[in-house]
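The values are calculated or read from the model by the stated rules, or taken from the named source; none is laboratory data. Bear in mind that the values here come from a model prediction, so they are computed numbers and not experimental data. Cβ placement follows ideal geometry from the backbone for every residue including glycine, while neighbour counts extend to all protein chains displayed. What goes into the accessible areas is simple: the full protein's heavy atoms, side chains included, and nothing from ligands, DNA or RNA. Shrake-Rupley method; radii C 1.70, N 1.55, O 1.52, S 1.80 Å.
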Amino acid sequence: MTESSYIHKSHNVSVILYHYVCPAKYRSVVLSETVDKTIKEVCIEIEKRYDIKFLEIGTDKNHVHFLLQSVPRQSPTEIIKMLKSITAREVFMKHPEVKKQLWGGEFWSDGYYVNTVSKFGNETTISQYVREQGIEKEYKVLHKAEQLKLF
């Protein structure tokens, strides 16, 4: 796996990592070695045109995991829309048998899973880091969300 790095833009520096899971339409088993290779090649081309860096791509028979880094200008929804549309178009173009297997419809399921990934730790670690900035006696918590209780 390639390591993430700071992305320097004119007015910000960021390390934003996302983990996406995209299932194939109907959870069909359509991912093969050749389709996997096409998805990888397309993702490498996407890196050249967009502010996205793929750190890891993994497939199972019916879904794909993408670990990628992006910039604050792009929302997670914009990223996945672009990623799914380009990969689907290329897979259907290079593998017509997959389009036939999916009844000529869509390659990806409408839904997806997304999670932010931290290079620097989990929620507790970051919260502690924020508290420890500045002088301890001057730090004041303005808001802290409480966990919801069911009963």
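How many residues, within region 16-58, are open to solvent by 70 Å² or more (accessible area, probe 1.4 Å) and aromatic (Phe, Trp, Tyr)? Reasoning before the result, please.
Taking region 16-58 first, the residues open to solvent by 70 Å² or more (accessible area, probe 1.4 Å) are 26-27, 29, 33-34, 37, 40-41, 44-45, 48-50, 56.
Keeping just the survivors that are aromatic (Phe, Trp, Tyr) gives 26, 50.
Counting residues in region 16-58 that are open to solvent by 70 Å² or more (accessible area, probe 1.4 Å) and aromatic (Phe, Trp, Tyr) gives 2.
Against the definition (basic (Lys, Arg) and open to solvent by 40 Å² or more (accessible area, probe 1.4 Å)), how does Lys84 come out, yes or no? Spell out how you get there, then give the answer.
On the way: basic (Lys, Arg): yes; open to solvent by 40 Å² or more (accessible area, probe 1.4 Å): no.
Against the criterion (basic (Lys, Arg) and open to solvent by 40 Å² or more (accessible area, probe 1.4 Å)), Lys84 does not qualify.
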- Taking Lys25 as the residue in question, decide whether it is of a type outside the set (Gly, Ala, Ser), touching a strand residue (DSSP E or B) at 6+ places or on another chain (Cβ under 7 Å) and in contact (Cβ under 8 Å) with a residue 60 or more places away in the chain. yes
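Listed residues Lys119, Lys84, Lys94; which is touching a strand residue (DSSP E or B) at 6+ places or on another chain (Cβ under 9 Å), at pLDDT 95 or above and basic (Lys, Arg)? Explain how you work it out, then say what you get.
Details: Lys119 fails: at pLDDT 95 or above; Lys94 fails: touching a strand residue (DSSP E or B) at 6+ places or on another chain (Cβ under 9 Å).
That would be Lys84, the only listed residue that is touching a strand residue (DSSP E or B) at 6+ places or on another chain (Cβ under 9 Å), at pLDDT 95 or above and basic (Lys, Arg).
Before we move on, is Gln101 closer than 16 Å to Val117 by Cβ and of a type in the set (S, T, N, Q)? Steps first, please.
Details: closer than 16 Å to Val117 by Cβ: no; of a type in the set (S, T, N, Q): yes.
Criteria not met by Gln101.
Keeping to region 67-85, report how many residues are of a type outside the set (D, E, K, R) and closer than 16 Å to Lys25 by Cβ.
First, pick out the residues of region 67-85 that are of a type outside the set (D, E, K, R): 67-72, 74-77, 79-80, 82-83, 85.
Filter again for closer than 16 Å to Lys25 by Cβ, leaving 80, 83, 85.
Result for region 67-85: 3.
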